[in-house]
Amino acid sequence: MSISRWLSFALVVLCAHLARSFSVSNPFGSLGNRFNSLAALRAAPPLPDLYEASVLELQAGLDAGQFTSVDLIKAYFARIEEVNINGPGLRAVLELNPSALSEAAVLDAERKLTGKRSELHGIPILLKDNIGTIASEGMNTTAGSFGLLGSIVPEDAGVVKRLRAAGAIILGKANLSEWAHFRGNVASGWSGRGGQSSNAYFPHADPCGSSSGSGIAASIGLSAVTLGTETDGSITCPTSHNNLAGIKPTVGWTSRAGVIPISEHQDTVGPITRSMTDAAIVLSVIAGKDPNDNFTLAQPAVVPDFTQALNKDALKGKRIGVPRRVFLNDSITGNDPSINVAFEQALLTIKELGATVVDPADLPSAEEFVTSNNETIVLNTDFKVQLNAYFQALLKNPSGVRSLAELIQFDNDNPTLEEPAGFEDQSDFIASEATTGFNATYFGALAADHELGSTQGIDFVLEKFNLDALVLPAPGFTTAPAAVVGYPIITVPLGFFPDNVTIGSAGPETVYPAPGVPFGLSFLGTAFSDFDLIGFGYAYEQKTQTRLARKAFPAAIPTTQLQDVIGK
């Protein structure tokens, strides 16, 4: 035994002996307690690194009394302070919850008194800023727009109610592409309130999707977990670009009540996290029926524990199809060839994991997704009707905006706030305002979407080839077939752009592709196949451990850890 190991062993033995020797009544009892505390400290596992810390690791530390939820909130607040506006200026977070510390203290006391409510008890979660929270807590719900600043929602969003019931703490609101990227031809990750957010893997790189702030924050541990929303690509893409695991649930698994809408036919709320395990834990909490969202009433009778899907052998004996036509065409998708190289390796890995890869397994409707305007017709119509209803349900809106038409005028009247140079466009707003409601054109487009996405799309190819799922690189048109019929997508890390990739422009202030920027792999399936897809994503994630292959650029990695805040 080395001298250092012998001394460590001797110290532990001495501490144990002293702890037994000194009683509470002993005048030297404080000395004994001090030695006892030292022994406990030496025996305790190391504190989790917040860059990667999982929900289960955080729960273990909370249960063991290594730290408290108050400590967690302080640490995450400090990490956000380091890199959000300061340092690299990632602009991932719009605002922090001023009630978070007091809520954490209450949950810490409850843990001691009666135990934890769930695996999310005392765990901080960051919400995309289109997910409603009661104003009395101290936060706004604005979709990144000054047109909703100070507005008062009637109640928490349905998913927020479930999070609170599980004991989760709302850490704050994440930046996003304004109005969930349904304003116009404006760069991804920009909002009037939050400015241009950027990827943590390369300076000023595109974070992608409208759930951009959620993706950035999860990627470098600015929160334990985050929530995003997707209409078409807004969970899948930030998950892909930020080296994460994300679940775009089947429309109807999670409530959209209290979420600023685009379309009830496509909108869904899901987790964006650092691992499939964390994503499954969150989905298990937020999924379920909500009388305020009738789409949830069509879900299966029992919400599964999605963590039971986390099986390393989940792909064994399964049949996975590759819809190559259109979706793997670089000239159409715009993907760098390096993505397809990584994808071909992923197919080999999937085979190694015991699956049969059916390649190709093409969708008959593939080409129509490039030219079809049906999704646009549906979204434009739904957005006007549902956004106007959202405005009317607000208890207060200081801007005076109560309709889409008034919102368009508000932006024009406040160009400094809402139309800075390079971010002026409102073409989606204008096209939506021009719609005339649920007419024959709308219902025809809705029916055509079902045909493209299901009858001649995902369901067709699954049945034809007896498949369990489809697999594609996350970038490109991957999301379109699932989006128009509300089907699920699971995304996990696939790879990173090579250091010699040609840097491209993604907007006035962002670039893409760029060296080291991540990209993901997506598994797609039919309605309510989320459980199986989670298993497939988990099996691939565990085999490859791709996320761990590369970190964010150094300046974007916060340095604050739990040891910096405990007891202070």
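The values are calculated or read from the model by the stated rules, or taken from the named source; none is laboratory data. Computed from a predicted model, the values in this text were never measured in an experiment. Positions of Cβ are generated from backbone atoms using ideal geometry, with glycine treated the same way; all protein chains shown enter the neighbour counts.
Considering (1) assigned to a helix (DSSP H, G or I); (2) touching a Gly at 6+ places or on another chain (Cβ under 9 Å), say which one residue 467 fails and leave the rest. Unmet condition: (1). In the set 228, 246, 195, 213, only one residue is on the phi > 0 side of the Ramachandran plot and in contact (Cβ under 8 Å) with a residue 12 or more places away in the chain; that residue is 195. With respect to residue 64, is the statement that it is more than 19 Å from the chain's Cα centre (by Cα), in the same structural domain as residue 126 (by TED's automatic domain parsing), farther than 15 Å from residue 171 by Cβ and of a type outside the set (Val, Ile, Thr) true? In short, yes. Considering the stretch 323-358, the residues that are surrounded by fewer than 14 Cβ atoms within 10 Å (Cβ to Cβ) and in contact with a helix residue (DSSP H, G or I) (Cβ under 8 Å, 6 or more places away or on another chain) include one that is farthest from residue 311 (Cα to Cα), namely 330.
Look at the stretch 345-362: where a residue is on the phi > 0 side of the Ramachandran plot and a partner is of a type outside the set (Gly, Ala, Ser) and crowded, with 17+ Cβ neighbours inside 10 Å, sitting 6+ places away or on another chain with Cβ atoms under 8 Å, you get 354/315; 354/318. Within the option set 286, 262, 281, being of a type in the set (A, V, I, L, M) and closer than 22 Å to residue 392 by Cα holds for one residue only, 262. Could you please tell me which pairs satisfy a Cβ distance under 8 Å, a separation of 6+ or placement on different chains, a first residue in the stretch 429-455 that is at pLDDT below 95, and a second residue that is part of a loop (DSSP other than H, G, I, E, B) and not polar (S, T, N, Q)? From residues that are at pLDDT below 95, there are no pairs.
On the stretch given as the stretch 491-527, residues that are of a type in the set (Gly, Ala, Ser) and closer than 13 Å to residue 549 by Cα total 2. Screening 103, 95 for residues that are in a helix (DSSP H, G or I) and at pLDDT 95 or above leaves exactly one candidate, 103. Residue 292 meets all of the listed conditions (1) under 16 Å from the mean Cα position of the chain (by Cα); (2) surrounded by fewer than 24 Cβ atoms within 10 Å (Cβ to Cβ) but one, namely (1).
Within the stretch 323-362, the residues that satisfy the criterion of being acidic (Asp, Glu), part of a loop (DSSP other than H, G, I, E, B) and within 22 Å of residue 482 (Cβ to Cβ) are 359, 362. Take residue 485 and decide whether it is surrounded by fewer than 24 Cβ atoms within 10 Å (Cβ to Cβ) and closer than 26 Å to residue 377 by Cβ. For residue 485, the condition - surrounded by fewer than 24 Cβ atoms within 10 Å (Cβ to Cβ) and closer than 26 Å to residue 377 by Cβ - is met.
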